[in-house]
């Protein structure tokens, strides 16, 4: 039905479940139904992969430009590309350095 540009209204009557599932499986990726149901937030898989490639290139350029510089003279790390329907991951692990003894206590569960 999608290749012939028919809609469900054009069929009339009842539509067997198998035919409906076949119709839904063949919907184009940019259709509203697929966009609503997918976890890509309206972007196609190609657009998501392109965003990841761009981010990778930006990080490589940042690493090249800041390699060997002291932390105080480094430029800000590039931000991630905002994707529709995807929550930004702004987690930061750790707040600074800790002593070896604190790490060992944490790692091995303290002095039991």
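None of the figures in this text is laboratory data; all of them are computed from the coordinates on show. Just so we're clear, the structure is a prediction, and the values are computed from it rather than from any experiment. Cβ: placed from backbone, ideal geometry, glycine included. Neighbour counts: every protein chain shown.
Counting neighbouring beta carbons within 10 Å and listing from fewest to most, the residues 100, 53, 93 come out as 93, 100, 53. As a proxy for reagent exposure, ranking 48, 104 by other Cβ atoms within 10 Å from fewest up yields 104, 48.
Taking other C-beta atoms within 10 Å as the exposure proxy, 102, 9 rank 9, 102 from fewest upward. The distance between label points at residue 104 and residue 37 comes to 5.7 nm (points 7 Å beyond Cα on the Cα→Cβ vector).
Between residue 54 and residue 9, residue separation times 0.36 nm minus the direct Cα-Cα distance comes to 12.0 nm.
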